[in-house]
1. Does Ser251 fit the bill of being at pLDDT 85 or above and under 27 Å from Gln66 (Cα atoms)?
2. May I ask you to list the residues in region 304-315 that are surrounded by fewer than 19 Cβ atoms within 10 Å (Cβ to Cβ) and either farther than 23 Å from His204 by Cα or not aliphatic (A, V, I, L, M) (or both)?
3. Is it true that some residue in region 139-146 is crowded, with 23+ Cβ neighbours inside 10 Å and modelled with pLDDT under 90?
4. Residue by residue through region 62-79, note down the ones that are among the hydroxyl-bearing types (Ser, Thr, Tyr) and surrounded by 21 or more Cβ atoms within 10 Å (Cβ to Cβ).
5. With the checklist (1) over 18 Å from Glu226 (Cβ atoms); (2) modelled with pLDDT of 90 or more; (3) of a type outside the set (Ser, Thr, Tyr) in hand, flag the one item Lys246 doesn't pass.
Amino acid sequence: MTAHSVNGATGRPRRPVSPLRLPQVVLLFACITLISCATDVTRPLRKYDNATYGDASIELKALATQVFSFWNLHFASYTSHLSGLLDSSDLPIERTRIKSGQVTVHLEVIGAGLATSDLALQAAERLSGLRDAFNEISPFQIRKLRMRMVVVPAGHRYEKTFASIFSGDNISVAFAVRAKSEDSNEVETSIREAIRSFAHEITHVVFATHGITKPHRAPSEINPEEVAAYMVGNCVELHVMGLISKDTHMSDNKVLRDNGLDGPEFFMSSMNSSIEATDALAQLYAKGAPTITADDPRADELFALCRESIDRVVRQRSRITPTD
């Protein structure tokens, strides 16, 4: 015999409330975990928003990726923290979408002037080549890539966490980048930084979705996964743009370190890892011209360094062996 509760005077059976099922519990747990991690990233960085470092005029940027996987389903949070004196929250936003093959770029331009909008479109078009470039370098392949890029004007503060759910090798990411200025040289620098930033964070995502990411035990020291992500960013930039230049790889992180920045441990770890990757790149530049093109023998050396850095992380953190 089955007992039913009755809905008021109508006498209609009321459907019993079912307990949370396992997928719902997993989703709830993932959301709580990712929100908590995002808060841990942004809160300690806010006090550095209006800081200065010696004679350096540098706007801090921190991007953070957290991935929680359940079987072949991945829950991700992507946090962007861009320091600045001005608030970007009240500025108008223009949105557009660019699709090329297996890559889709959702573009949001904040406070868009004509030059800023043009920069954003150029960056989005270049990002369309990121999937093929990454697959050329990495043993772990991306099937479909969806990117959401928020372009923030120079001098403005921006902080937001995006959530995403995707499956298998269909990667979805979302980050903010800065439009440095409307000067033609700065436009190309901004585009290159956007390419490196997205390639860097996608590297973390791919590691996580393949189950080879584990906590780094010495937060303020050099993190092999961070070094690999920075190296991949450089390689993807060369693959997409056709060349890289020493002038665009002068690390702001060295300036920050030399002027005594003492930030959160995770930030310092990333900064120190960035410096190691930059030093490796400097050794390649020292062998010849301050520009490395795709047909330069040093390009093959750089791609080899990228693959070695990925293999190092895999060997240290997983039983998975990359396939050729």
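1. On the way: at pLDDT 85 or above: no; under 27 Å from Gln66 (Cα atoms): yes.
When the stated conditions are applied, Ser251 does not pass them.
2. Arg307, Glu308, Asp311, Arg312, Arg315, listed by residue number.
3. Just the residues of region 139-146 that are crowded, with 23+ Cβ neighbours inside 10 Å, to begin with: 145.
Add one more test, that the residue is modelled with pLDDT under 90, and what stays is none.
There is no residue in region 139-146 that is crowded, with 23+ Cβ neighbours inside 10 Å and modelled with pLDDT under 90.
4. Going residue by residue through region 62-79, those that are among the hydroxyl-bearing types (Ser, Thr, Tyr) are 65, 69, 77-79.
Of everything in region 62-79, those that are among the hydroxyl-bearing types (Ser, Thr, Tyr) and surrounded by 21 or more Cβ atoms within 10 Å (Cβ to Cβ) turn out to be Thr65, Ser77, Tyr78, Thr79.
5. With (1) over 18 Å from Glu226 (Cβ atoms); (2) modelled with pLDDT of 90 or more; (3) of a type outside the set (Ser, Thr, Tyr) applied to Lys246, the lone miss is (2).
The values are calculated or read from the model by the stated rules, or taken from the named source; none is laboratory data. Just so you know, these numbers come straight off a predicted model, no measurement behind them. Quick reminder, even Gly has a Cβ in these numbers, built from the backbone with ideal geometry, and neighbours come from all protein chains shown.
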